[in-house]
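First the structure, in the form of structure tokens, and then the observations on it.
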Amino acid sequence: MRKYQSLTALRAFEAVARFKSISAAAGELNVTRPAVSKQVTLLENDMGCALLTRSGNAIRLTQAGNELFLALRQAFALIHSTTEAISRRAKQGQHLRVLVCRDFASSWLAGQVGTFLVANPGISVEIFAEKNGNFRLDEDFDFRIFYGMKGATSCDGFEETQLCHWIDMLVCTETFAGSYIGKGRKLCEAPCLVDANYDVWDEWCALTGIDPGGPRGQQTVFNETTLCLSVAASGGGLTVGDSFLSLPAIRTGELIVPHQVGLVSAQHYALLKPQGRSTGLAGRKFEAWLRGAIEAYQVTVLQVLSEKAIQVRERPISGPGRLALA
């Protein structure tokens, strides 16, 4: 049978190591000083090494003591966050916390989630927008939504499932297109707006057969696609817009697709859930709604692009790896 150290002794040592004081540790644990000293001594005897050195009122950690203290600090923090999360879910079974990459949250989810809330009046949702890939692992969320290549969004402790791909298109205003695109002009000479976190310009040109005429020249770099689209809508440049973020502007004519072709993305949005945690009724309802809303939106995307005579091209991948919008 595996032997475990006394939790009482470990708690006593962690408190002493943190405060560098037996009196302070005793006060926090609501026990006497001799009781704390006894537990630390029992732990040292059990482990066969000194964990503390004492010189008058000064307490210092030995190398072994410092190693144990760091491990205990992490372990107790994990226990605390886990018990807090379980308690929160027990008390607020109808409350969900969702962490979403900022572009997806502001440009799509924020405009859609109201339908879920209206249809489920007993469920409340907290949505936190974050830079893509910043999982905030020290916090508890029921769902996380990020994008990336297959497997790129996965990390230990989470179950990852695919939500959808999107369609990438070059977009700009009609006025901008009249000044910079066509009539013998090279595409690479048009001012470009680039998302530093999602730059697929070269790949997009290669796979769609659009000749840019050379390397990009003038370009402005942003850290979010929504910023690129905002500047593009003001007539400030040409950018790659994906169907989730740019479709409303394409639909109204605020942005046009000068080269009427779109390419299904290699990356996809993924839904991550804590591994081993059963999803409650509120979570199951939210996930079902989310997948249904995305599926309906993808149908709308294809309808709008068809009306605009924009051809959608799949990637030249065959077999089980073939990509589709869903």
Check on A77, closer than 30 Å to T279 by Cβ and assigned to a helix (DSSP H, G or I): yes
So is A15 of a type in the set (G, A, S) and touching a Lys or Arg at 6+ places or on another chain (Cβ under 7 Å) or not? no
Just for region 227-254: of the residues that are surrounded by fewer than 18 Cβ atoms within 10 Å (Cβ to Cβ) and among the polar types (S, T, N, Q), which one is farthest from D202 (Cα to Cα)? T252
Can we say E159 is surrounded by fewer than 14 Cβ atoms within 10 Å (Cβ to Cβ) and touching a strand residue (DSSP E or B) at 6+ places or on another chain (Cβ under 7 Å)? yes
Being farther than 23 Å from A119 by Cβ and β-branched (V, I, T) is the filter; apply it to region 281-326 and report the residue that is modelled with the lowest pLDDT. I317
Filter region 154-184 for residues that are hydrophobic (A, V, I, L, M, F, W, C), assigned to a loop (DSSP other than H, G, I, E, B) and touching a Pro at 6+ places or on another chain (Cβ under 8 Å) and give the result. I181
Selection from region 106-153 of residues in a helix (DSSP H, G or I), crowded, with 16+ Cβ neighbours inside 10 Å and modelled with pLDDT of 90 or more yields W108, L109, V113, F116
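Hey, can you tell me all the residues within region 203-242 that are among the aliphatic types (A, V, I, L, M), in contact with a helix residue (DSSP H, G or I) (Cβ under 8 Å, 6 or more places away or on another chain) and closer than 20 Å to K131 by Cα?
So the first thing to find is which residues in region 203-242 are among the aliphatic types (A, V, I, L, M), and the list is 206-207, 210, 221, 227, 229, 231-233, 238, 240.
Subsequent filtering for residues that are in contact with a helix residue (DSSP H, G or I) (Cβ under 8 Å, 6 or more places away or on another chain) retains 210, 229, 232-233, 238, 240.
Selection gives L229, V240.
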Within region 42-71, the count of residues that are in a loop (DSSP other than H, G, I, E, B), surrounded by fewer than 12 Cβ atoms within 10 Å (Cβ to Cβ) and among the small types (G, A, S) comes to 2
Of Q74, Q94, the only residue that is surrounded by 12 or more Cβ atoms within 10 Å (Cβ to Cβ) and either modelled with pLDDT of 90 or more or not assigned by TED's automatic domain parsing to the domain that holds A196 (or both) is Q94
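Taking K20 as the residue in question, decide whether it is among the basic types (K, R), within 43 Å of the chain's Cα centre (by Cα) and assigned by TED's automatic domain parsing to the domain that holds F69. Before the answer, list the steps.
On the way: among the basic types (K, R): yes; within 43 Å of the chain's Cα centre (by Cα): yes; assigned by TED's automatic domain parsing to the domain that holds F69: yes.
Judged against the criteria, K20 is a match.
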Scope region 30-81; condition without any contact (Cβ under 8 Å) to a residue 12 or more places away in the chain, within 40 Å of the chain's Cα centre (by Cα) and within 13 Å of R11 (Cβ to Cβ); matching residues: A75, I79, H80
Name the one entry in S230, S243 that is under 20 Å from the mean Cα position of the chain (by Cα) and in the same structural domain as R216 (by TED's automatic domain parsing). S243
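The values are calculated or read from the model by the stated rules, or taken from the named source; none is laboratory data. It should be emphasised that the depicted structure is a prediction, and the values quoted were computed from it without experimental measurement. FYI the Cβ positions are ideal-geometry reconstructions off the backbone, even for glycines, and counts take in every protein chain you see.
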